[in-house]
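Participant: Questions regarding the structure given below will be posed in turn.
The values are calculated or read from the model by the stated rules, or taken from the named source; none is laboratory data. This one's a predicted model, so the numbers in the text were calculated from it and none came from an experiment. Quick reminder, even Gly has a Cβ in these numbers, built from the backbone with ideal geometry, and neighbours come from all protein chains shown. SASA here: full protein model, heavy atoms, side chains in, ligands and nucleic acids out. Shrake-Rupley method; radii C 1.70, N 1.55, O 1.52, S 1.80 Å.
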Amino acid sequence: SSAHTSSITVISDDNYPPYLFKDADGNTVGIVADIWALWEQKTGVKVTLVSTVWESAQQQLLSGQADVIEMIFKNSEREKNYAYSPPYAQVPVGIYAHESLTGLTSPASLSGFTVGAQKGDGCIFKLKEAGVKSFRLYNSYEEIIQAVLHQQVKIVCMDDYPARYYLYRLDNTNQVRRAFGLYEGQFHRAVSKNNLAMLALVEKGMVAISPHEVAAIEEKWKGSYVQAFSYSKRVFYLISGLGLVAAIMALSILTLRLAVKRKTLEIENKSLEIEHQRARLQNILDATRAGTWEWNVQTGECQFNARWAEMLGYASGELMPFSVETAQRLIHPDDWQKAKSLVAQHLAGESEFYECDIRMRHKQGYWIWVADRGQLIPRSAAHLPLMMSGTHIDITEKKEAEQEIWRQANYDSLTQLPNRHYFNCHVLQGLESAKENKQRVALLALDLDRFKEVNDTLGHHRGDELLVQAGQRIRNEVEAQAMVARLGGDEFAIMLPLVSDAALAKLCERLLGALSSSYVLEGERVFVTASIGVSIFPDDAATAAEMMRHSDQAMYDAKNNGRNQFRVFTPAMQEALDTRMALARDLRLAVENGELRDYYQPIVDLHTGEIVKAEALMRWQHPALGLIGPTVFIPVAEEIGAIIEMGDWIFQQAAHHILQWQSLVGAAFAISVNKSPVQFTGHQLSKNDWVSHLRYMGIEGRRIVVEITEGLLLNPDPEIEDILLHFRDAGIQVAIDDFGTGYSSLSYLTKFDIDYLKIDQSFTRHLNEGNESYVLCEAIIVMAHKLGLKVIAEGVETALQRDLLRAIHCDFAQGYFYSPPVPAETFKTLLEQGKVTATQM
Ligand SMILES: Nc1nc2c(ncn2[C@@H]2O[C@H](COP(=O)(O)OP(=O)(O)OP(=O)(O)O)[C@@H](O)[C@H]2O)c(=O)[nH]1
């Protein structure tokens with residue numbers, strides 16, 4: 001314990017004048033030595049003062065070889081190992097530099113330099129804090145100063161007292177200069193951290209030394225070393241200094257001259273290089289045909305190159321002085337705001353560069369498209385934008401090409417209306433905004449009626465002209481905000497906000513009216529009508545696809561109900577369509593599954609009442625829906641092509657029964673088989689050659705009558721003519737079904753070999769003496785007879801009808817009055833009876 005301590009070892013650095021240093025005789029002297037001598041007196045504890053290099057001093061304390069270390073600064077790193085006394089002296093620490101190095105003013109200015117310091121010196125810690133990373137370490141201040149003088153290191157850190165001392169001693173205050181004060185340290189005495197008793201002992205002794213005693217010691221040492229330099233020595237220094245200054249000045253002037261010469265050469269080279277670069281850049285710019293601009297953001301001043309002015313049709317300088325107003329006048333109003341806000345974004349640092357395609361007005365008044373690109377150059381210290389520069393490139397041709405491509409992709413080249421693609425996009429967008437604004441929207445699908453006939457009779461060219469005119473008429477009937485498009489062929493579509501159902505109905509009526517008035521096509525007057533289907537959002541459709549589908553369905557419904565009308569979509573249409581689709585699906589398997597039935601309706605000689613012919617008719621025994629009539633499934637079968645197989649099937653049944661019934665019937669007996677236009681399509685011919693089939697079965701051609709519709713003969717393909725000739729050659733007869741309902745150009749009656757006309761049941765049904773139907777029927781019969789044709793009246797239901805038909809010399813009749821279509825077995829019975837219900841005759 002300290003109470004029994006008889007001696008202590010104090011260790012320190014011995015190159016720290018005036019505190020502790022070696023005198024000329026090698027004795028360790030100084031303030032600290034005197035203080036400890038006094039301490040020894042006061043405490044009676046023997047003090048051994050050991051001085052060594054600073055780093056080793058610290059090591060010795062920590063290893064226990066010494067009890068107290070003198071002249072130590074506190075820092076956080078040392079805090080771990082030492083316990084300190086209160087500070088007893090203030091010691092400034094400075095940065096010293098070789099005279100060739102100037103500009104060192106603060107710790108920050110040291111970063112990047114290597115700094116010399118004494119090993120273990122507290123200033124290293126401070127310098128690291130200031131960002132100095134590279135150090136060169138020395139054992140003593142003396143070594144440090146030698147190193148600076150030999151320029152091994154140009155900056156060093158030293159405590160001011162010893163630094164001053166050694167600099168004076170080495171006569172070198174000129175070459176090494178104090179650059180700035182780094183910090184002020186405080187001297188402490190310290191013991192190792194766990195030896196607090198020792199610290200107490202030290203402090204006890206120190207407190208015993210009075211301030212007067214301390215002041216006397218300091219006075220002794222601090223005064224003496226300055227006084228060590230005599231006045232005469234100073235004068236000598238001054239004079240030799242002045243001589244040196246003069247010499248240095250002369251040398252400086254010489255080196256300055258040389259330096260100026262070298263710099264001038266350098267500058268000349270540099271400007272030559274800059275000129276080359278400028279010319280190269282100009283070349284590149286000229287090659288791009290780019291106009292260039294520079295804009296001083298603060299003052300608003302602008303500069304342009306000649307190409308820029310030329311692009312806009314102006315002479316260089318013509319638009320000067322150039323202001324924001326000038327820019328605004330030149331730039332298209334629609335592009336001005338956009339450009340302005342993009343520039344603002346760039347100036348605010350939100351974009352890397354500014355980029356915008358704008359329209360600018362050429363001097364001659366038209367607009368050119370310009371790719372405007374620019375970038376801010378420097379920023380001031382305050383971070384305010386200063387200059388922007390960039391290019392203007394004329395991209396008018398590119399834009400026009402783009403627009404043309406866009407037009408081709410989105411517009412119909414015939415009518416100049418938007419096409420299906422554009423319309424679809426528009427519908428999608430339109431529905432989005434309608435949803436937001438809770439608006440109703442109508443979509444009209446519009447299809448010209450029997451437009452094919454216009455093409456067929458007047459030629460494609462006039463058909464085109466009609467489409468153009470129709471498009472214009474539609475456009476004229478709707479408001480500007482409505483979208484009118486040509487979807488393809490003779491299909492148009494309109495989308496518009498729906499004001500009211502009444503307004504919609506009125507619009508449809510107007511459209512029908514406008515489209516059905518006559519068209520003059522190259523001098524020829526033509527009439528067509530149109531059918532319109534309407535779908536309404538949100539009433540019947542929630543999506544664009546649904547609207548398109550529903551308006552289409554409604555349009556087909558309008559067509560099926562006689563055309564030249566409009567229909568608004570109803571759920572019933574959807575149901576009908578669903579049923580149709582279900583039927584179509586089942587129908588494909590009907591023949592294979594043996595679900596078809598052949599029925600026969602007798603055709604009677606009106607004069608004798610005898611069954612002389614029969615019409616073969618199909619029924620479909622649907623597994624779930626029961627027996628289905630042909631009016632329901634034939635159109636579907638035609639649509640999906642199943643009619644071909646079905647038609648062949650019924651023909652084969654008819655042929656089969658002719659063989660069976662031949663013995664029962666007279667020589668004139670024949671069975672009629674319907675043949676749909678679909679069955680006349682070319683590629684079916686060879687496969688289903690009815691003539692070969694009859695020949696194969698050994699049946700005469702005259703036993704078969706082929707029933708066709710007059711539509712087939714209006715504009716027949718050469719193929720159809722061939723088939724009909726083929727039939728005639730084989731003795732097969734031909735009947736025109738549903739005569740009087742269709743498009744009656746009667747010329748075909750003489751052109752083809754027709755055997756029968758079948759008067760449509762709509763005439764028979766309304767037959768009454770002297771009425772319109774009666775007159776028509778009579779006219780048909782007279783005409784037919786004149787042409788050598790026989791007439792069959794369909795749909796005879798009453799005795800009166802029979803009698804009237806007889807009176808106007810109709811040849812044959814069929815209908816419920818005689819018999820409905822019946823299964824083969826029943827028909828056979830009828831045949832066996834010879835006459836149908838003789839009672840009815
Ligand atoms: N002239 C002309 N005809 C076209 C053009 N595009 C399609 N077509 C014809 O337009 C007709 C369209 O026929 P559809 O709509 O199927 O039938 P339609 O004859 O109008 O009869 P419905 O629509 O049932 O009333 C076809 O004959 C096409 O060949 C075109 O650009 N110009």
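Participant: Give the residue that is farthest from the chain's Cα centre (by Cα), with candidates limited to residues of region 580-592 that are open to solvent by 80 Å² or more (accessible area, probe 1.4 Å) and free of Cβ contacts under 8 Å to residues at least 12 places away in the same chain.
Facilitator: Here the answer is Glu592.
Participant: Can you pull out the residues in region 401-438 that are open to solvent by 60 Å² or more (accessible area, probe 1.4 Å), charged (D, E, K, R) and within 16 Å of the ligand (Cβ to nearest atom)?
Facilitator: Arg420
Participant: Moving on to the next point. Exactly one of these conditions fails for Ile474: (1) over 34 Å from the mean Cα position of the chain (by Cα); (2) near the ligand (Cβ under 6 Å from one of its atoms). Give me its number.
Facilitator: Just one mismatch for Ile474, condition (2).
Participant: Another one. What is the number of the single condition among (1) surrounded by fewer than 17 Cβ atoms within 10 Å (Cβ to Cβ); (2) out of contact with any Phe, Trp or Tyr (no Cβ under 7 Å at 6 or more places or on another chain); (3) touching a residue at least 24 places away in the same chain (Cβ under 8 Å); (4) closer than 19 Å to Gln282 by Cα that Arg329 does not meet?
Facilitator: (4)
Participant: Identify the residue in region 248-306 that is closer than 30 Å to Ala327 by Cβ and of a type in the set (Asp, Glu) and, among all such residues, is modelled with the highest pLDDT.
Facilitator: Per the stated criteria, the residue is Glu294.
Participant: Can you list residue pairs whose Cβ atoms sit under 8 Å apart, with the first residue in region 120-137 being part of a strand (DSSP E or B) and the second being of a type in the set (D, E, K, R)? Count only pairs 6 or more apart in sequence or on different chains.
Facilitator: Listed by first residue and then by second, the contacts come to Leu137/Lys119.
Participant: Please find, within region 639-676, the residue that is farthest from Gln621 (Cα to Cα) out of those that are of a type in the set (Gly, Ala, Ser) and part of a helix (DSSP H, G or I).
Facilitator: Ser663
Participant: Any idea how many residues of region 38-68 are of a type in the set (Phe, Trp, Tyr) and either touching a Phe, Trp or Tyr at 6+ places or on another chain (Cβ under 7 Å) or at pLDDT 90 or above (or both)?
Facilitator: Adding up the residues that qualify gives 1.
Participant: Within region 619-638, how many residues turn out to be more than 17 Å from Arg585 (Cβ to Cβ) and in a loop (DSSP other than H, G, I, E, B)?
Facilitator: Number satisfying all stated conditions: 1.
Participant: Look through region 222-247, keep the residues that are open to solvent by 100 Å² or more (accessible area, probe 1.4 Å) and under 30 Å from Val91 (Cα atoms), and return whichever of them is modelled with the highest pLDDT.
Facilitator: By that ranking, first place goes to Leu238.
Participant: Suppose we filter Val782, Val705, Val691 for residues that are surrounded by 15 or more Cβ atoms within 10 Å (Cβ to Cβ) and either more than 22 Å from Ile671 (Cα to Cα) or in contact with a Lys or Arg (Cβ under 8 Å, 6 or more places away or on another chain) (or both); which single one remains?
Facilitator: On the way: Val782 fails: surrounded by 15 or more Cβ atoms within 10 Å (Cβ to Cβ); Val691 fails: either more than 22 Å from Ile671 (Cα to Cα) or in contact with a Lys or Arg (Cβ under 8 Å, 6 or more places away or on another chain) (or both).
Being surrounded by 15 or more Cβ atoms within 10 Å (Cβ to Cβ) and either more than 22 Å from Ile671 (Cα to Cα) or in contact with a Lys or Arg (Cβ under 8 Å, 6 or more places away or on another chain) (or both) holds for just one of Val782, Val705, Val691, which is Val705.
Participant: Same structure again: How about region 480-498: which of its residues are open to solvent by 20 Å² or more (accessible area, probe 1.4 Å) and either within 16 Å of the ligand (Cβ to nearest atom) or out of contact with any helix residue (DSSP H, G or I) (no Cβ under 9 Å at 6 or more places or on another chain) (or both)?
Facilitator: Ala480, Gln481, Arg486, Leu487, Gly488, Gly489, Asp490, Glu491
Participant: Pull up region 499-528, narrow it to residues that are out of contact with any helix residue (DSSP H, G or I) (no Cβ under 9 Å at 6 or more places or on another chain) and within 16 Å of the ligand (Cβ to nearest atom), then point me to the one that is farthest from Val441 (Cα to Cα).
Facilitator: The selected residue is Ser516.
Participant: Another question, if that's okay. Condition (residue is assigned to a helix (DSSP H, G or I) and out of contact with any Phe, Trp or Tyr (no Cβ under 9 Å at 6 or more places or on another chain)) applied to region 20-37: is it met by at least one residue?
Facilitator: Yes, region 20-37 contains at least one residue that is assigned to a helix (DSSP H, G or I) and out of contact with any Phe, Trp or Tyr (no Cβ under 9 Å at 6 or more places or on another chain).
Participant: Can you say whether Asp447 is surrounded by 21 or more Cβ atoms within 10 Å (Cβ to Cβ), within 16 Å of the ligand (Cβ to nearest atom) and more than 18 Å from Val520 (Cα to Cα), as far as the supplied structure shows?
Facilitator: Here the answer is yes, as Asp447 does meet what is asked.
Participant: In this structure, is Asp464 open to solvent by 30 Å² or more (accessible area, probe 1.4 Å) and more than 16 Å from the ligand (Cβ to nearest atom)?
Facilitator: On the way: open to solvent by 30 Å² or more (accessible area, probe 1.4 Å): yes; more than 16 Å from the ligand (Cβ to nearest atom): no.
No, not satisfied.
Participant: Look at Tyr314 and say whether it is of a type in the set (Ser, Thr, Tyr), crowded, with 16+ Cβ neighbours inside 10 Å and touching a residue at least 40 places away in the same chain (Cβ under 8 Å).
Facilitator: Spelling it out, Tyr314 is indeed of a type in the set (Ser, Thr, Tyr), crowded, with 16+ Cβ neighbours inside 10 Å and touching a residue at least 40 places away in the same chain (Cβ under 8 Å).
Participant: Val68 passes all but one of (1) closer than 20 Å to Leu201 by Cβ; (2) within 60 Å of the chain's Cα centre (by Cα); which number fails?
Facilitator: (2)
Participant: Sort out for me the strands (runs of 3 or more DSSP E) sitting completely within region 691-761 that have 1 or more residues that are within 60 Å of the chain's Cα centre (by Cα) and of a type outside the set (Val, Ile, Thr).
Facilitator: The qualifying strands (runs of 3 or more DSSP E) are 704-709, 733-739.
Participant: If I filter region 104-119 down to residues being polar (S, T, N, Q) and free of Cβ contacts under 8 Å to residues at least 24 places away in the same chain, which single residue comes out as least open to solvent (accessible area, probe 1.4 Å)? Let's see the steps before the verdict.
Facilitator: Start the filter on region 104-119 by keeping residues that are polar (S, T, N, Q), which leaves 105-106, 109, 111, 114, 118.
Checking which are free of Cβ contacts under 8 Å to residues at least 24 places away in the same chain leaves us with 109, 111.
Values: Ser109: 33, Ser111: 66 Å².
The extreme case among them is Ser109.
Participant: Among the residues of region 450-461, how many are more than 7 Å from the ligand (Cβ to nearest atom) and open to solvent by 20 Å² or more (accessible area, probe 1.4 Å)?
Facilitator: Residues flagged as more than 7 Å from the ligand (Cβ to nearest atom) and open to solvent by 20 Å² or more (accessible area, probe 1.4 Å) within region 450-461 amount to 5.
Participant: For the list (1) modelled with pLDDT of 90 or more; (2) among the charged types (D, E, K, R); (3) under 52 Å from the mean Cα position of the chain (by Cα), I need the number of the one condition that Lys613 fails.
Facilitator: Status for Lys613: all satisfied but (3).
Participant: Within region 561-579, restricting attention to residues that are surrounded by 13 or more Cβ atoms within 10 Å (Cβ to Cβ) and within 16 Å of the ligand (Cβ to nearest atom), which residue is nearest to Cys508 (Cα to Cα)? Give the steps one after another, and end with the answer.
Facilitator: Of the residues in region 561-579, the ones surrounded by 13 or more Cβ atoms within 10 Å (Cβ to Cβ) are 563-570, 573-574, 576-577, 579.
Next, only the ones that are within 16 Å of the ligand (Cβ to nearest atom) stay: 563-567.
Working: Arg563: 13, Asn564: 10, Gln565: 8, Phe566: 7, Arg567: 9 Å.
Residue satisfying both the conditions and the ranking: Phe566.
Participant: Has region 739-754 got any residue that is open to solvent by less than 20 Å² (accessible area, probe 1.4 Å) and within 18 Å of Val604 (Cα to Cα)?
Facilitator: No; the residues of region 739-754 include none that is open to solvent by less than 20 Å² (accessible area, probe 1.4 Å) and within 18 Å of Val604 (Cα to Cα).
Participant: Could you list all residues from region 138-169 that are open to solvent by less than 30 Å² (accessible area, probe 1.4 Å) and assigned to a loop (DSSP other than H, G, I, E, B)?
Facilitator: Ser140, Val153
Participant: May I pose another question? Suppose we filter Arg549, Arg510, Arg567 for residues that are modelled with pLDDT under 95, of a type in the set (Lys, Arg) and farther than 25 Å from Gly626 by Cα; which single one remains?
Facilitator: Sole residue among the options that is modelled with pLDDT under 95, of a type in the set (Lys, Arg) and farther than 25 Å from Gly626 by Cα: Arg549.
Participant: Now, a different point. Among the residues of region 13-25, is there at least one that is hydrophobic (A, V, I, L, M, F, W, C), over 28 Å from His212 (Cβ atoms) and touching a residue at least 24 places away in the same chain (Cβ under 8 Å)?
Facilitator: no
Participant: Out of the residues in region 529-560 that are within 16 Å of the ligand (Cβ to nearest atom) and of a type in the set (Asp, Glu), state the one that is nearest to Leu428 (Cα to Cα).
Facilitator: Result: Asp552.
Participant: Oh, and also: Any residue that is hydroxyl-bearing (Ser, Thr, Tyr), assigned to a strand (DSSP E or B) and within 16 Å of the ligand (Cβ to nearest atom) - is there at least one of those in region 387-400?
Facilitator: So far as region 387-400 goes, no, none of its residues is hydroxyl-bearing (Ser, Thr, Tyr), assigned to a strand (DSSP E or B) and within 16 Å of the ligand (Cβ to nearest atom).
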